[in-house]
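Asks: Below you'll find the structure I mean.
Nothing in this text is a laboratory measurement; each read-out follows from the coordinates by a stated rule. Because the structure is a prediction, the values reported are computed rather than measured. Note that we place each Cβ from the backbone using ideal geometry, even for glycine, and neighbour counts take in every protein chain shown.
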Amino acid sequence: MLCAEVSIYPQKTNSPGQVINNSINSLSNENIQYKVGSLSTHIDGNDEQVWNGIKKVFDAAKTSGEVSMVVTISNTAH
């Protein structure tokens, strides 16, 4: 079991909230548990689910331009 804490920071955009929401919404059709917090999104699942979830979030965010993403990964239960 892995968990990841993911934060997206859109660069050079007038609508950062939209970029962040679109990136989080990319997880809605995935078989993965996630919880949106005020500064980050927590993703929980097996190794493949979490790594794929991180990639989905970043891929969705980067379609809007430059983006920074901070990820903390843990194999401990939360």
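Asks: Please list, in chain and number order, the residues 5+ apart from Gly45 or on another chain whose amide H is under 5 Å from its amide H, with Hs placed from the backbone.
Replies: Close amide H contacts, sequence-distant or interchain: Leu2.
Asks: What is the Cα radius of gyration of the chain over 2.2 N^0.38 Å, N being its residue count?
Replies: This ratio for the chain stands at 1.03.
Asks: Using DSSP to call loops (not H, G, I, E or B), can you name the GluC sites (Glu not before Pro) in the chain whose Cβ has at most 10 other Cβ atoms within 10 angstrom?
Replies: Hits after loop and neighbour filter: nothing returned.
Asks: DSSP loop trypsin sites (Lys or Arg not before Pro) in the chain with at most 16 other Cβ atoms within 10 Å of their Cβ, which ones?
Replies: Lys12
Asks: Starting from the 7 Å offset along Cα-to-Cβ, what nm value, one decimal, do you get for the label separation of Ser15 and Val71?
Replies: 2.6
Asks: Here is a follow-up. With each run of n ≥ 4 DSSP H residues scored as -39500 (n - 2.57), what mean residue ellipticity at 222 nm is computed for the chain after dividing by its residue count and rounding to the nearest 500 deg cm²/dmol?
Replies: Result for the chain, helices only: -10500 deg cm²/dmol.
Asks: Lys and Arg at +1, Asp and Glu at -1: add these up for the other residues within a Cβ distance under 15 Å of Lys35 and post the number.
Replies: -3
Asks: Could I ask something else about it? What FRET efficiency comes out for the pair Leu39/Met1, r = Cβ-Cβ distance, R0 = 22 Å, nearest 0.05?
Replies: E between Leu39 and Met1, to the nearest 0.05, is 0.45.
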